[in-house]
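Every read-out reported here was derived from the displayed coordinates using simple, explicitly stated rules and does not represent laboratory data. Please read these numbers as outputs of a predicted model, since none were measured by experiment. Positions of Cβ are backbone-derived with ideal geometry, glycine not excepted, and every protein chain shown enters the neighbour counts.
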Amino acid sequence: MTEPTTTSSSVSSSSAPVLRRVAIAGASGRMGHMLIEAVRNAPDCRLAGALDIAGSDAIGADAAAFLGFTSGVPIVADLRTGLQDAQVLIDFTRPEGTMAHLAVCRELGVQAVIGTTGFSDAQKAEIAEIAKDIAIMMAPNMSVGVNVTLKLLDMAARAMSTGYDIEIVEAHHRFKVDAPSGTALKMGEVIADALGRDLKDCAVYGREGITGERDPSTIGFATIRGGDIVGDHTVLFAGIGERIEISHKSSSRVTYAQGALRAVRFLSGQRNGLFDMFDVLGLR
Ligand SMILES: NC(=O)C1=CN([C@@H]2O[C@H](COP(=O)(O)OP(=O)(O)OC[C@H]3O[C@@H](n4cnc5c(N)ncnc54)[C@H](OP(=O)(O)O)[C@@H]3O)[C@@H](O)[C@H]2O)C=CC1
Ligand SMILES: O=C(O)C1=N[C@H](C(=O)O)C[C@H](O)C1
């Protein structure tokens, strides 16, 4: 069964929608396909460009060919060609790809919705710098459920600031290239902030051998990779005599694609600045 990419959260069709011209990077990727289908089904968006990495088998193909449609938009490797008609780029690729795309977005005044994960601190700082010139929404997870979960974690961490060991467990499909997931790291950051700690100082990424007893000030991470798991995250607050588990499980990538389109709509009112899904969803 194919996953639906339109939900009741799409904009109302009662008035003529303002069309947003959207380019998709990583057009032949797992998220690229979801996004092209979602843009095609959105009454207020039009596919205006499709990018993939040079050497990809997809270059030259019609962006909607995988759906059995002709969109008239070819997948190209040349960034200026792919972005010239676009108002906003949605980018779910790899950090080095996103950075190259952003440089051209800045040059052409194209906004960006970034879902890519695995950025270095230096790359994040460069994105913040670019956002002084163009509007960017960047989030490691664009599902509504995960962003609500982040709020729950903030509350739970404040309420259980002592006496509870905090462990973050994430599971993803066998094709994922970065670990821990961007979402798991964001969960760690939210919890560390709530506890007045810096995640850089308290994160423990995996354990092996004679580790000694657990340091209560740490936040542990565990990563599972296998099969077609879309994305599961569980945060464990383990005390003596009880434990709480806060979990989110994705069963479809449609939620990420719909979140990206909400971000496209949110950005239409912005000239510049760096935003996240809390801004888009009004959760700040
Ligand atoms: N924020 C969110 O809500 C979500 C974020 N993600 C993140 O999005 C990213 C993509 O995920 P997914 O779609 O599963 O990955 P895929 O590997 O399926 O797709 C990545 C796409 O980007 C292309 N690509 C690879 N390297 C580069 C590069 N250097 N420059 C330009 N394009 C490149 C790939 O081309 P080719 O196949 O030819 O290599 C492919 O088309 C990951 O970082 C993932 O963690 C995923 C889901 C949700
Ligand atoms: O690569 C994925 O698939 C996903 N990546 C994001 C992450 O790293 O958190 C979001 C989601 O979990 C799916």
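Data for the structure
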item	result
Gaussian network model of the chain, Cα within-10 Å springs - most flexible of 47, 19, 102	19
Reciprocal mean inverse distance between Cα atoms of the chain - Kirkwood radius, Å	19.9
Burial order of peptide ranges 90-97, 60-67 (average beta-carbon count within 10 Å, highest first)	90-97, 60-67
The chain: most fluctuating residue of 22, 230, 146 per GNM, C-alpha cutoff 10 Å	230
Sequence-separation-based contact order of the chain, relative, with Cα cut under 8 Å and 6+ spacing, percent	19
Relative exposure of 33, 173, judged by other C-beta atoms within 10 Å (fewest first)	173, 33
Acute angle (nearest 10 degrees) that the helix 95-108 long axis makes with the longest principal axis of the chain, alpha-carbon atoms	50
Cross-link table 124/249; 132/186; 124/176, entries beyond 25 Å C-alpha to C-alpha	124/249
Environment charge of residue 109, counting only residues whose C-beta is closer than 14 Å and scoring Lys/Arg +1, Asp/Glu -1	+2
Inverse of mean 1/r across different Cα pairs in the stretch 55-173, Kirkwood, Å	17.1
Ordering of 131-143, 104-116 by packing [mean C-beta count within 10 Å, highest first]	131-143, 104-116
The stretch 144-250: Cα Rg divided by the 2.2 N^0.38 Å rule of thumb	1.04
Most mobile listed residue (214, 158, 174) in the chain, GNM with C-alpha springs under 10 Å	214
